[in-house]
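Accompanying notes for the structure given below.
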4 protein chains.
Amino acid sequence: MSEITNNKLLQRLNRIEGQVGGIKKMLENDRYCVDIIHQINAAQAGLEKVKKLILDRHIRGCVTRGIKNGDDSIVEELLEVIERSFK
Amino acid sequence: MSEITNNKLLQRLNRIEGQVGGIKKMLENDRYCVDIIHQINAAQAGLEKVKKLILDRHIRGCVTRGIKNGDDSIVEELLEVIERSFK
Amino acid sequence: MSEITNNKLLQRLNRIEGQVGGIKKMLENDRYCVDIIHQINAAQAGLEKVKKLILDRHIRGCVTRGIKNGDDSIVEELLEVIERSFK
Amino acid sequence: MSEITNNKLLQRLNRIEGQVGGIKKMLENDRYCVDIIHQINAAQAGLEKVKKLILDRHIRGCVTRGIKNGDDSIVEELLEVIERSFK
């Protein structure tokens, strides 16, 4: 099941990689700034989604296991990740 | 200790309330848009900080306890809060 | 018309001020963290909307006039406001 | 000069493309979630910077020219771009 999720994440990342490549072509072809910005928005939304899916997996997995095993450092690390990842 | 933290949070919220009142006065006095926007940024940063402090407390407290007690719904709820709170 | 818009902005700010007051009461009454966070999200969305409305007015008014009058500094200021206001 | 700026933007986008490729490899190699999230944060910060640089160029160029030529639609379009690009 974790395997499938990795595949889905990789599919999303492939699409994002293609979008970044598309942004480069748009720049090289002097496409209209506003169209380029919309394409960047799409890539950013894609990365945000992947980040939340990985954070989701991290919390369900490592964090839950760590807390059950009395590992307080996993909580500190999670709080730091949230602090740094969302502004 | 939780009491002290509540006091600190209330101090921050009092300051934010004052900032929102200040924004109203700036509007009424036809102050320059850019100055008003900077004041809104300050109030927003204040709310973001309070939100992260409360989420921090929630994760250290309720979530950690819930997981130790085998309450899976607390994890689902946390994931939904993160999803809705950070964009 | 600017008068009406100011009134509408003040109505929105009154609602936000009430929400911040509500957050304080929720803290004092030891309400559930997650409910408090949702209330903070609501206040933040309110401030974001007011900020965009004021930026909108600024661009339609001051910025447009400034550019027509050959005032380049208004463009520099706008770029700095966008840089500082959106992260 | 616009040429140089395009080159600099392309350099940034190449780096971002490399970071997205790196995120894929980290996933395939089952690297620690938190490390992957930090790498996603880096790619997101890179895209945000490119977006602001392009918006900057758009405002200094197209928007300023459009306003001077009495083209009101360029202002409406700018407001919509800001609305959609910053949350």
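No lab work stands behind these numbers, since they all come straight from the coordinates. In this text the structure is predicted, and so the values were computed from the model without any measurement. When we count neighbours, we look across all protein chains shown, and the Cβ atoms used for this are built from the backbone with ideal geometry, even at glycine.
If you filter the stretch A:50-78 down to residues that are among the charged types (D, E, K, R) and within 10 Å of chain D (Cβ to nearest Cβ), you find that the one that is surrounded by the most Cβ atoms within 10 Å (Cβ to Cβ) is A:Lys51. The residues listed here are D:Val20, D:Val34; of these, the one that is over 24 Å from D:Lys87 (Cβ atoms), at the interface with chain A (Cβ under 7 Å from one of its Cβ atoms) and assigned to a helix (DSSP H, G or I) is D:Val34. Mind checking which residues of the stretch B:52-87 are in a helix (DSSP H, G or I), more than 16 Å from A:Val75 (Cβ to Cβ) and of a type in the set (Lys, Arg)? Answer for the stretch B:52-87, where residues must be in a helix (DSSP H, G or I), more than 16 Å from A:Val75 (Cβ to Cβ) and of a type in the set (Lys, Arg): just B:Arg84.
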